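The values are calculated or read from the model by the stated rules, or taken from the named source; none is laboratory data. Being a predicted model, the structure only gives us computed values, none of them experimental. Neighbour counts run over all protein chains shown; Cβ positions are idealised from the backbone, glycine included.
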Amino acid sequence: MNGQDFERRYAAYKADGERQARQENGPDAAPAPVQERIVAVRKNEDGNLIAFQTESGRELDYVTALQEAKAGRLAHVDVFHKYGRDILRSEPDGIKENNLDNLPEF
């Protein structure tokens, strides 16, 4: 297999993954009944996420959102440990539009 075949096969793999992610996690996908989606964010002057709004209208500060995500009460987000602290991020699903940083601000 030459280098172009590798590139072509990887591009097909990536496109298939993005297509599947849109089907599984698109705007019409329903989260588990006990989970809420984050629908808007608040950023500070540096562009850091500092608060989140859920689909029910609840406004969560960053620490509360971390706690709720760890408890499984927030849909489509992950908590990971980096830089010596926990960080909230969108599930890596291949859909840029639903990344926390791309959500509307409230």
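Applying the criterion of being without any contact (Cβ under 8 Å) to a residue 12 or more places away in the chain and out of contact with any His (no Cβ under 9 Å at 6 or more places or on another chain) to the residues of region 71-91, the residue that is farthest from Ile50 (Cα to Cα) is Ala71.
Selection of region 72-106 for residues being β-branched (Val, Ile, Thr) and out of contact with any strand residue (DSSP E or B) (no Cβ under 9 Å at 6 or more places or on another chain) yields only Ile95. Only residues that are outside any strand (DSSP E or B) and either of a type in the set (Lys, Arg) or farther than 27 Å from Lys14 by Cβ (or both) were counted in region 70-95, giving 6. Restricting attention to region 11-42, the residues being modelled with pLDDT under 80, closer than 23 Å to Phe106 by Cβ and among the polar types (S, T, N, Q) number 1.
Would you mind stating whether Gln53 is part of a strand (DSSP E or B), surrounded by 13 or more Cβ atoms within 10 Å (Cβ to Cβ) and either out of contact with any Ser or Thr (no Cβ under 7 Å at 6 or more places or on another chain) or not polar (S, T, N, Q) (or both)? In short, yes. Looking at region 97-106, which of its residues are within 14 Å of the chain's Cα centre (by Cα), surrounded by fewer than 13 Cβ atoms within 10 Å (Cβ to Cβ) and either touching a residue at least 24 places away in the same chain (Cβ under 8 Å) or farther than 23 Å from Glu24 by Cβ (or both)? Hits for region 97-106 are Asp101, Pro104. Restricting attention to region 52-96, the residues that are under 9 Å from the mean Cα position of the chain (by Cα) and not basic (Lys, Arg) total 10. For first residues located in region 19-41 and surrounded by 13 or more Cβ atoms within 10 Å (Cβ to Cβ), partners that are modelled with pLDDT under 75 and lie 6+ apart or on another chain with Cβ distances below 7 Å form the pairs Arg37/Pro31.
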